[in-house]
Amino acid sequence: MEILAFFLLFGAMLFLQHWLQQHIQGATFAVTGNPGCAVRALFLLLLPGVFLHEFSHWLVANLLGVRTGKISIGLGKMRGNKHFSLGSVTVERTDPLRESLIGVAPFASGLLAIWALMGFGFGLWAPNDPLRVVETIWAALGDPLTWLALYFVFAVSTSMIPSESDREPWGVIIGIFAAIGALALILGWAPTVSPEMLEFGQRVLYTLIFVFGIIVVVNSALAIVIFVFEWLLGVMTQRRVRY
């Protein structure tokens, strides 16, 4: 059951990240009629997450001994009038393993940042009771810092998914580990998992489900607000954005 919840929440998180990025730009474009303004609005809203994303690449690359250039935060040049960059960091080419670790760094740091935010800010460290999470956050909605925390959840989660270039070396690594695993099974190797390791794995899984759940709830609430705004704007102005 926990595995199913993990994959469902993970899929919902990916969907909402893509949906929010599209519709934030679309709603801004519907109001202003300026595509450049729409892109800048997305950049400004995601700025904390963009900084964490690029800093994570830079930090992990340096920890792994891979040379880096400067971190660039800001809109990059449009490519084909469809794609743009909110930030970048120059990293030298290296082996697929280190490139994969550098590529996945923003995702890991984003999850850690949201987990720490929920823990230190609300005393929620991967609780098993969803009702307790809702009650805790609901009781704190009168505090402006709660809204700031929820904004950071949105900004970080919507920026932490690895980009296409970040995912380039993953195919090689997945293939290597799959081949090693298949060879080990053919040769009769059977892994043994201690009760302590099993318990640790369950705690990690519960924590990931908790963080994914927070992200999905916060971003779903924002998606509903944007959807209603776009619908009302379309009714009043007869202007709609086709995605």
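Only the coordinates and a few stated rules stand behind these numbers; no lab work does. All figures in this text were calculated on a predicted structure; none of them were measured in a lab. Glycine gets a Cβ as well: all are built from the backbone with ideal geometry, and neighbour counts include every protein chain shown.
In table form, for the structure just shown:
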| read-out | value |
| --- | --- |
| Principal-axis tilt of helix 130-139 within the chain, Cα atoms, nearest 10 degrees | 40 degrees |
| Estimated inter-spin distance, Lys70 and Ile224, nm [label 7 Å along Cα→Cβ] | 4.5 nm |
| Segments 229-239, 153-163 sorted - mean Cβ within 10 Å per residue, highest first | 153-163, 229-239 |
| For the stretch 2-237, alpha-carbon Rg and Dmax in angstrom | 20.2, 68 |
| Rounded to the nearest 20 debye, dipole of the chain from Cβ charges on Lys, Arg, Asp, Glu | 960 debye |
| Neighbour cut-off at most 11 other Cβ (10 Å), DSSP loop, trypsin sites (Lys or Arg not before Pro), the stretch 78-143 | Lys82, Arg93 |
| Under-5 Å amide H pairs with Gly87, H placed in peptide plane, nonlocal only | Gly74, Gly76 |
| Ordering of 192-199, 54-61, 137-144 by burial proxy (mean other Cβ atoms within 10 Å per residue, highest first) | 54-61, 137-144, 192-199 |
| Cβ-based exposure ranking for Glu99, Glu168, in which fewest neighbours within 10 Å come first | Glu168, Glu99 |
| Cβ crowding within 10 Å averaged over residues, with 206-213, 219-226 ranked highest first | 206-213, 219-226 |
